[in-house]
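Visitor: A single structure is presented below for examination.
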Amino acid sequence: MQTNRYSIKIPSLKQIAPYREALACSECAVTAWKAAGARKGAPGEPAPKRIRIVQWVILDGKTQPVAKRAAGSKVRLHLEPFDMNPQLERFYLSDTLEEDFDVPLYFAADEG
C-alpha cells in the first residue's frame, strides 16, 4: 500500500506528440510493504519511507484512471524496479520532481 504525496503532472497529447503513450512519475509515502514471495509475518527487507513510482497516464491517446486519482489516495500496487523494465525507455516520461537519487524508483506493473 502507498499514499501519493505529490500529484502527477499529466502531459497533453500535444506535448507528447508524436507519441500516443506517456508515463508519469510521482513520489509516495509507503504505508505498507510486502516483498514479492514473502509470507505474511515473515521478516523481509525493510520498507522504504518514500518511493517514486512511474505509471502509465496515457495509453493509445486515452488518459488513464490513475491520472484522475486524488492526491493522498491509498492504493495497492504491484511494483517492479524501474531499471528492470528497459522496454519503457522508449516512451515519453513526465517527471517534474526534483532529482533525489536516495529515493528508489519503481514501475507500477499492476494495481490490485
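The values are calculated or read from the model by the stated rules, or taken from the named source; none is laboratory data. Worth saying up front: this structure is predicted, and the values here are computed from it rather than measured. Here Cβ is always computed from backbone atoms with ideal geometry, including for glycine, and neighbour counts include all displayed protein chains.
Visitor: Which residue is surrounded by the fewest Cβ atoms within 10 Å (Cβ to Cβ), if the candidates are limited to region 11-33 and must be touching a residue at least 60 places away in the same chain (Cβ under 8 Å) and within 12 Å of T63 (Cα to Cα)?
Guide: Among those that are touching a residue at least 60 places away in the same chain (Cβ under 8 Å) and within 12 Å of T63 (Cα to Cα), it is E21.
Visitor: Could you check how many residues of region 63-91 are over 14 Å from the mean Cα position of the chain (by Cα), surrounded by 13 or more Cβ atoms within 10 Å (Cβ to Cβ) and either among the small types (G, A, S) or not in a loop (DSSP other than H, G, I, E, B) (or both)?
Guide: 1
Visitor: Same structure again: Determine if region 54-62 includes at least one residue that is among the small types (G, A, S) and either at pLDDT below 90 or assigned to a strand (DSSP E or B) (or both).
Guide: no
Visitor: Please go through region 92-112 and pick out each residue that is charged (D, E, K, R), within 14 Å of the chain's Cα centre (by Cα) and under 15 Å from C28 (Cβ atoms).
Guide: D95, E111
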